Amino acid sequence: MLKRLPDALSIQEFAVKYTVLIEQSDEGFAVSVPGLPGCHSQGETEAEALANIRDAIREYREVVEELAASAGTKQVAVEV
């Protein structure tokens, strides 16, 4: 069932959990989000890398929302 999102709501208002991949490297920790192609970050510690990927996810979602709005698409919620 498709539901149209009210115009006052944005993607940013929904809490979503993402699976992230963390890899230790010589420089610290690299982290990526398989569900968001191109969404990567890093940090000197695992905690810093996770904090940085949270910011990267927020920014990724903002860009996606802006691109969708500028393309004239409409947003709908799909219940699974």
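The values are calculated or read from the model by the stated rules, or taken from the named source; none is laboratory data. A quick note: this is a predicted structure, and the numbers were derived from the prediction, not measured. Cβ sites come from the backbone with ideal geometry, for glycine too, and all protein chains shown count toward neighbours. The protein model used for the area step is the full one, side chains on, heavy atoms only, and it has no ligands, DNA or RNA in it. Shrake-Rupley method; radii C 1.70, N 1.55, O 1.52, S 1.80 Å.
Things worth noting here:
- Protein heavy-atom surface of region 20-61, 1.4 angstrom probe: 46% of the accessible area is carbon and sulfur, with nucleic acids and ligands not counted.
- When you filter the GluC sites (Glu not before Pro) in region 17-80 for DSSP loop state and at most 12 other Cβ atoms inside 10 Å of their Cβ, you are left with E27, E44, E79.
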